[in-house]
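Below you'll find the structure, written out as structure tokens, and then a few comments.
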Amino acid sequence: MAQLAERPTLVVPRVGKQSDPCVMVIFGAAGDLTGRMLIPALYNLARAGLLSREFAVVGVTRAQMSDEDFRKRVYEDVKSYCGECVDNDLWEWFNRRFYYFVGDFSDKNLYPQLKDYLAKTDQEHATHGNFFYYLATAPRFFGPIVEQLAANGLMEQDNSHWRRVVIEKPFGHDLDSAKKLNEQLLKVVEETQIYRIDHYLGKETVQNILAFRFANGIFEPVWNRRYIDHVQISVAEVVGVEGRGGYFDTAGTLRDMVPNHIMQLISLTAMEPPISFDANAVRDEQAKILHAIQPMSDQEVLVRAVRGQYGEGIVEGKRVPAYRAEPDVPPDSRTETFVAMKLLIDNWRWADVPFYLRTGKRMPVRNTHIVIQFRRAPFVLFRDTPVEQLMPNQLVLHIQPEEGISLQFAAKVPGPVMRLGTVDMNFEYQEYFGKQPSTGYERLLHDCMIGDQTLFQRADMVEAGWSVVNPILDVWKALPPRNFPNYASGTWEPKEADELLERDGRRWRNFEK
């Protein structure tokens, strides 16, 4: 275990800017996202003292429910997430701020009624006319909801109050649809009012990439093509489609994961130092990286992109069905549940350094990590010793489930003979800083309430991500897979994904439990 600086003996409460007074309006408040993520995140913010006392939540959905029913549901959501950590006094304050509004998103009559209801809520809780709308809905509602909000004056803002909208993924299903959605939104609201959310950016290690790179003088000088051999980004999931077969079969892993989550990880790993941590300064550098990724030709897609679909197998000791046997999935489905690819970035820092990425379902473990593999040291010094090869150094950023950083290097094995062993220095956030209750949405919701867009995608970033993915979508649509399913549930990937790296003399770094 790495030796770290002596830990402070005092527990210092979290310091941060308290959110602005506001009303959070959740479209789709009866859904799973609201219960599992948004409500517990709001409670954690309240417990940390980062939620304004002038705050309220209005849930909007078609399901019939009273305010009391909604509050009971909110309590169950927080209790199931927090367990014994529910504070009775805090809960009494928190619970009184939840309201329920029944309405159909596609009904234009909903929005004038909602406007009156929000005016009443704003007056009752002194939220200064600040509203933000969280669209936890099906993607087809994104554009129409924002248009109706704008048409009814619910997006109008001035120096005395603000209005914002948070949009969940997927933001479009290809480049053309993403452009059309951006155009639809930007006709009625400003870019500064749009918060395109990616929950991966709420994770501590993802946020720490910038701090790790730019606050430590020993890493940034070697963060380039002269010292780094290649980069691996892996997002492995043990779950299957979790009852979402109907939706997932129209999307697939490429659309679901790569243009958003993985492109964000690539941009933060590869970006140049921003001139400041101002939102647009950071996003300018991220956008440059996304635009610098080489688009693949049709022929390159065939050799640099791999798709897979899981068959039946054993996951965590239990037999699970093949993807094609999942509910609401066609028995001859061609939808991929695994993607791997090799990307190249056309700039001075990263020329000729491949970025390998993979993401898939029904893999052996749930694990997201970024591996920075450095070039091997010259062998000449060890030529006349028993050392057969020098292992390259690896720096690993562990994102989930355990968040931390590890560094792998060589050390001499004790004894009279020159032998080298591999050593891992590990740093785990939870062990050093203590466990903080988190869903990954706390930072993102708080940033929206204070107007910080640093961790949210801008329109040009969304379109740049889709520009990388679109050529692959086109080729895969034209050439259906011939060997699905091609990896068993509970295994790491199809053999073609291993071959993708083996052709370059490299291999994936896997982390078991």
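Read the figures in this text as sums done on the coordinates, not as results from a lab. From a predicted model like this one, the values you see are computed outputs, not experimental measurements. Every residue, glycine among them, receives a Cβ derived from its backbone with ideal geometry; neighbour counts consider all protein chains shown.
At a glance:
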| quantity | calculated |
| --- | --- |
| Cα-Cα over 29 Å, subset of LYS180/LYS288; LYS120/LYS169; LYS115/LYS180; LYS115/LYS288 | LYS120/LYS169; LYS115/LYS288 |
| Cβ-based charge dipole, the chain, positive-most Cα from THR253, GLN207, ALA340 | ALA340 |
| Separation in nanometres of the label points that stand 7 Å from Cα toward Cβ, at ILE450 and ARG225 | 3.9 |
| Ordering of 277-283, 58-64 by packing [mean C-beta count within 10 Å, highest first] | 58-64, 277-283 |
| In Hz, Karplus ³J(HN,Hα) per residue of the range 369-377 (6.51, -1.76, 1.60; θ = phi - 60°; x = Gly, Pro) | 8, 10, 10, 9, 9, 8, 5, 5, 6 |
| Relative contact order computed over the range 201-502 (Cα-Cα under 8 Å; 6+ residues apart), in percent | 28 |
| Too-long pairs where the Cα-Cα distance tops 18 Å, listed order kept, from LYS342/LYS495; LYS361/LYS495; LYS79/LYS318 | LYS79/LYS318 |
| Sequence-distant residues sharing a close amide H with VAL86 (under 5 Å, placed H) | none |
| DSSP-defined antiparallel bridges as percent of all bridges, the range 50-209, nearest 5 | 5 |
| Contour minus Cα-Cα distance for SER80 and LYS17 (0.36 nm per residue) | 19.9 nm |
| Positive-pole candidate from TYR111, PHE409, LEU42, dipole of the chain, charges at beta carbon | PHE409 |
| Cysteines in the chain lacking a second Cys C-beta under 4.7 Å | CYS22, CYS448 |
| Check: the chain dipole with +1 on Lys, Arg Cβ and -1 on Asp, Glu Cβ, in debye | 960 |
| Rg in Å to one decimal, and Dmax rounded to a whole Å, for the range 244-377 via C-alpha atoms | 17.8, 53 |
| By average C-beta atoms within 10 angstrom, highest first, the peptides 254-265, 210-221 | 254-265, 210-221 |
| Mean-position separation - Cα centroids, the range 289-322 and the range 78-114, in angstrom | 39 |
| Alpha-carbon centroids, the range 150-166 and the range 209-282: separation in whole Å | 32 |
| DSSP bridge pairs, the chain: antiparallel proportion in percent, nearest 5 | 60 |
| Given charges at Cβ of Lys, Arg, Asp, Glu: the range 268-319 dipole, positive-most of GLN286, GLY317, ILE275 | GLY317 |
| Per-residue [θ]222 nm for the chain (sum of -39500 (n - 2.57) over DSSP H runs n ≥ 4, rounded to 500) | -10000 deg cm²/dmol |
| The chain, relative contact order [Cα under 8 Å, separation at least 6], % | 18 |
| Sorted peptide list for 391-400, 471-480, 73-82, criterion being average Cβ within 10 angstrom, highest first | 391-400, 73-82, 471-480 |
| Cα centroid of the range 341-378 to Cα centroid of the range 477-496, whole Å | 20 |
| Cβ charges +1 (Lys, Arg) and -1 (Asp, Glu), total dipole of the range 22-168, debye | 180 |
